[in-house]
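Here is the structure we will look at.
The values are calculated or read from the model by the stated rules, or taken from the named source; none is laboratory data. Note that this is a predicted model, so its numbers are computed, not measured. Every residue, glycine as well, gets a Cβ built from its backbone with ideal geometry; the counts of neighbours run over all protein chains shown.
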Amino acid sequence: MTTIQIIVTLGGIALSIFIAWFFWFAPKTKMQAALGASGAQEVAVTVKGGYTPDLIVVKAGQPVRLRFTRRESAACSEMVLFPDFKQSAKLPEGEEVSVEFTPDKPGEYGFQCQMGMLRGKLIVE
């Protein structure tokens, strides 16, 4: 094996490791919900290639209001689904849409687009 082949092989391995880390092991953007004027726990979520933040922490038994603003035109991000809470919402581009519910018990609950490509997690403490 020549020096060039070794360098290219090691570069490919390093790139593969970085891609795996970036998509599966990189730290998620975690956000603790703040108590809003209405008494609900509120978080603003931007939708652009994913959800930011994609990890949201709330308290059980208190109303939650997640305010989604879609900043892209991709078809996948047109809706957000909360299957565990039987909630969903259409997200028109550039408009803020609120999703409100009250989580009863602690746990981790996923939310996603209708295709399952964009994902986030709601942690109820």
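The table below lists the values:
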quantity: Enumerated strands (runs of 3 or more DSSP E) restricted to region 53-96, each holding at least 1 residues that are surrounded by 14 or more Cβ atoms within 10 Å (Cβ to Cβ) and in contact (Cβ under 8 Å) with a residue 60 or more places away in the chain; calculated: 55-58
quantity: Evaluation of S38 against (1) farther than 16 Å from M117 by Cα; (2) in contact with a Cys (Cβ under 6 Å, 6 or more places away or on another chain); (3) polar (S, T, N, Q) (one fails), failing number; calculated: (2)
quantity: Filtered residues of region 2-53 (kept if of a type in the set (S, T, N, Q) and modelled with pLDDT under 90); calculated: S16, T29, Q32, S38
quantity: Region 30-51, residues that are β-branched (V, I, T) and in contact with a Gly (Cβ under 9 Å, 6 or more places away or on another chain); calculated: V45
quantity: Single residue of region 100-125 satisfying the filter (outside any loop (DSSP other than H, G, I, E, B), charged (D, E, K, R) and out of contact with any Pro (no Cβ under 8 Å at 6 or more places or on another chain)) that is farthest from Q62 (Cα to Cα); calculated: R119
quantity: Near pairs, Cβ below 6 angstrom, 6+ apart or cross-chain, from region 39-51 (outside any strand (DSSP E or B)) to any residue that is among the charged types (D, E, K, R); calculated: A40/R65; K48/R71; K48/E72
